[in-house]
Amino acid sequence: MAEQKEHQNGIPRIGFYICHCGSNIASIIDVEDVRKYVATLPGVVVSRDYKYMCSDPGQELIAQDIREHKLERLVVSACSPNLHEETFRNAAAKGGLNSFYFQMVNIREHASWVHEDKAAATRKAKDLARAAVYRVRFHQALEKRKVPVDPNVLVVGGGIAGIHAALTLANAGKKVTLVEREATIGGHMALFDKTFPTMDCAACILTPKMSAVKSHPNITLWTYSEVEKVEGYVGNYKVSVKRKPRYVNEDLCVGCMACIDACVFKEPKFPDKFNQGLGKRKPVYIDFPQATPKVVLIDPATCIQMKTGKCKKSCADACDRKAFDFNQQPELKEIQVGTIVLATGFKTYDAKRDALYGYGRYPGVFTALEIERLVNASGPTLGDVVLRDGRHPKAVGIIHCVGSRDEKTNKWCSRVCCMYSLKLAHLIKEHSGAEVYNFYIDMRTPGKGYEEFYDKLLAEGVHFIRGRVAEVTDWAMTPEEQGKLVLRVEDTLAGFVRRIPVDMVVLATGMEAQADAGEVRHKFNIGCGSEGFFQERHPKLAPVNTFTDGIFIAGACQGPRDIPDTVAQAGAAAAEALVLIDAGHVELEPNTAHVVEEECCGCKSCVPLCPYSAITLDEAKKKAVINEVLCKGCGTCVAACPSGSIRQNLFEDDEIFSEIEGVLAQ
Amino acid sequence: MSEQPSMAPVVAAPAVAFEPRIVAFFCNWCTYTAADLAGVSRLKYAPNVRVIRVMCSGRVDPQFVLEAFAKGADGVLLGGCHPGDCHYAEGNYKTLRRMRMLIRMLKELGIEDGRFRLEWISGAEGDKVKAVVNEMTAQVRALGPLDLPGKFKEWDREMEDLEQHVNASAPQQEEAHVR
């Protein structure tokens, strides 16, 4: 299946290969027609098609042809270069050709998968192939740049994902800095009582890992801190971290909590954020007894000394370690790392947005996270399930998919709500003996032991009603409904509308991206999907990588997921970071810009354009100079140079102009 | 049908319907990725666009756009990251600055508004690639062929005619001047 010709007047000998990709390409594009056509183009001495170019035999075919036909350039029409450019560069190298004498043509993602008109798609494939054939003549032999990788790692976010990633890296002997913005690590998992489906006590499996982080010699733990700025590139990031003032010296405090007892407020008075506002705390507080680090902090918004400066400071007097420092200032720290793992987690959906469910209006309506605290043995009620007025509920309704699978709010399934609703149903029943009703659209229980857990709940006598609740109301229609919250729902299995009176309503709120995910992703120069979660490099093949090399994502910052998946992903992110660290260096695309000195007139147009300050003017010679280490290869200066004296490797003017010519030639 | 003699006059087959040729410059990080996403999501859109990949929309020299028109493109689409999203911090701002200038120039050259388009398409917006390509294809189709190469030939011919005309009339004028 090959067309071969002799060398043609001065044009490099080009080999062209078109992939069928099984039937992914060949079912829409007439591969044979394209192959024959490209064989007629100047310079093309070999033109072949193959079922799977990326397979070993496909690559071997290329390597062999390079040797046999003395190919000087290579063009492969297949999938996106984002997927297999590297594969074919390697195939070129195997055949003894410089990897950069290669150009890839994307006829799968950009043609066969998006067009239905076979003739038009084939025409497009020919145009794109011709453009590459024209372009590849001008390619230069290049070498990848090697830069060393700093072995230190930054992990952002101290939930279970960040904790697991940090421990994995630290156990591998790498120095890790773990930055968490709250006063303690633990994240959402620290709020939970039990974890589904095994009903392990969350604290029992989490707190040992938290203390391991604190005591690990390779981990520097900075809580109550936020990343301010990130500069640099893979292997060499410079990160500024702001350490917010606790007004208590972290190194001195031992967490005896004598200060909390001594506080001038005899009783806790202020809403406790950790307990979702269900409990009270003092201005000097610690989130929970196992908080890590076990260090108290002062809330400047409620502390009398911080507000007025006129407190007798009984807390400070009670501290025999003299840890209090009411004048503590934010501190800016700078660290050097080679890789970064982002594990910044999620936030739960704001239940107030579904006004008809009455959250914030009826005191009997709770979010799932509030119930997590209520059923928690170390929560504000020590595990007693009580309503806000102190009564014990006799009937509880759990509404699934609040802020999930909803055209009006969030379209996605949050993946965990069915399972945690089952867990909460079990716990509420266990703790209070109440009748529990689950209102669901579909039960989604994909996971090891999950469906079995659902079966167990069915056997326990929890009620399941299939239907999306229309409304929660206190408007009673019968004497039995007096003083109750009534859930109006169409029971889609029974086929009629029901009214279920309950005392307590639990809203199974879904998972959303953190409120400041957009800001954070700008800091780290990564992308977000349309839902606001961080964008992975490839949904299947590079789920923890981002489009910025050396920055990895783990856990629910990338999308809704449960604890087992989060831990698995955190391990994967740590492993990806280890790959870079243990290799010791990374290879960077040689797509940097350089100045052709003889042609530069020293006009300085380019100097202010570079966002990395890579361009300077050599004052003695009056010529621009580009620092190749700083250049990231965007090419903005190249496009702006009035004399055309800046060139960008891989994207030279000649290459692009010939591509334009090729794509339009007929 | 075939037995009946046709009453219609014999006419030449209608010319092949005009299919615009649009050259697109997509930045590697956002718009090219979005086009990949459109592919992976199997969205279907018009087959009229040919994508040339650049690392950043900031690499696009206005000359590339002019060259594409000069070589026969009926439209040119330029895709970059949304403002604030540039992988290289601010390359797309430089693009915007240049292209504002270019748009004024294209107008002077008699190239209609709809033939050049600058769009910010993020890596997650595969559906926007589909929408923009379809919309622009329809728009350029409505405008008809630009055919700058054909116009260049026409203009060259005009210049030749003018030259001949000047050459033919020049000696007489000279004589008149001498007298």
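Okay, here's what the table says:
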quantity: Residue list for the range A:649-666, restricted to those being facing chain B (nearest Cβ under 7 Å) and closer than 25 Å to residue A:141 by Cβ; calculated: A:651, A:656, A:657, A:659, A:660, A:661, A:663
quantity: Tally, over the range A:512-537, of residues that are without any contact (Cβ under 8 Å) to a residue 24 or more places away in the chain and not in a loop (DSSP other than H, G, I, E, B); calculated: 5
quantity: Residue within the range A:94-110 that is within 24 Å of residue A:538 (Cβ to Cβ), among the aromatic types (Phe, Trp, Tyr), part of a loop (DSSP other than H, G, I, E, B) and within 14 Å of chain B (Cβ to nearest Cβ) present; calculated: no
quantity: Filter result for residue A:424 (on the phi > 0 side of the Ramachandran plot, hydrophobic (A, V, I, L, M, F, W, C) and in the same structural domain as residue A:484 (by TED's automatic domain parsing)); calculated: no
quantity: Members of the range A:224-239 found to be more than 26 Å from residue A:301 (Cα to Cα) and either surrounded by fewer than 21 Cβ atoms within 10 Å (Cβ to Cβ) or among the aliphatic types (A, V, I, L, M) (or both), listed by number; calculated: A:229, A:230, A:231, A:232, A:233, A:234, A:236, A:238, A:239
quantity: Which listed residue is charged (D, E, K, R) and within 14 Å of another protein chain (Cβ to nearest Cβ), from A:68, A:85, A:72, A:60; calculated: A:85
quantity: Residue A:116 being among the acidic types (Asp, Glu) and facing chain B (nearest Cβ under 10 Å); calculated: yes
quantity: Meets criteria (touching a strand residue (DSSP E or B) at 6+ places or on another chain (Cβ under 6 Å), among the small types (Gly, Ala, Ser) and modelled with pLDDT of 95 or more) for residue A:635; calculated: yes
quantity: Matching residues, the range A:485-507, being in a loop (DSSP other than H, G, I, E, B) and free of Cβ contacts under 8 Å to residues at least 40 places away in the same chain; calculated: A:492, A:493, A:494, A:495
quantity: Enumeration of residues in the range A:134-183 that are more than 30 Å from residue A:657 (Cβ to Cβ) and acidic (Asp, Glu); calculated: A:150, A:180, A:182
quantity: Members of the range B:22-32 found to be within 7 Å of chain A (Cβ to nearest Cβ) and either among the hydroxyl-bearing types (Ser, Thr, Tyr) or farther than 21 Å from residue B:103 by Cβ (or both), listed by number; calculated: B:29
quantity: Pair list, Cβ < 8 Å and 6+ apart or interchain, from the range A:552-566 residues that are under 18 Å from residue A:448 (Cβ atoms) to residues that are hydrophobic (A, V, I, L, M, F, W, C) and part of a helix (DSSP H, G or I); calculated: A:562/A:419; A:563/A:160; A:563/A:189; A:566/A:160; A:566/A:161; A:566/A:556
quantity: Every pair of residues 6+ apart whose Cβ atoms lie under 8 Å, when the first sits in the range B:150-179 and is surrounded by 10 or more Cβ atoms within 10 Å (Cβ to Cβ) while the second is modelled with pLDDT of 95 or more; calculated: B:152/B:70
quantity: Pairs where the first residue, in the range A:382-396, is touching a residue at least 12 places away in the same chain (Cβ under 8 Å) and the second is among the aromatic types (Phe, Trp, Tyr) and crowded, with 16+ Cβ neighbours inside 10 Å, C-beta under 9 Å, 6+ apart; calculated: A:387/A:366; A:388/A:366; A:395/A:437; A:396/A:437
quantity: Selection within the range A:578-595 - touching a strand residue (DSSP E or B) at 6+ places or on another chain (Cβ under 9 Å) and touching a residue at least 60 places away in the same chain (Cβ under 8 Å); calculated: A:578, A:580, A:581, A:584, A:585, A:586, A:587, A:588, A:589, A:590, A:591, A:592
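Conditions tested, residue by residue: (1) under 29 Å from residue A:544 (Cβ atoms); (2) in contact (Cβ under 8 Å) with a residue 60 or more places away in the chain; (3) surrounded by fewer than 24 Cβ atoms within 10 Å (Cβ to Cβ); (4) of a type outside the set (A, V, I, L, M).
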position: A:114; (1), (2), (3), (4): yes, no, no, no
position: A:146; (1), (2), (3), (4): yes, yes, yes, yes
position: A:161; (1), (2), (3), (4): yes, yes, no, no
position: A:164; (1), (2), (3), (4): yes, yes, no, yes
position: A:169; (1), (2), (3), (4): yes, yes, no, no
position: A:189; (1), (2), (3), (4): yes, yes, yes, no
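The values are calculated or read from the model by the stated rules, or taken from the named source; none is laboratory data. Because the structure is predicted, anything quoted here is derived from the model rather than measured. No Cβ is skipped: glycine too gets one built from the backbone with ideal geometry, and neighbour counts run over all protein chains shown.
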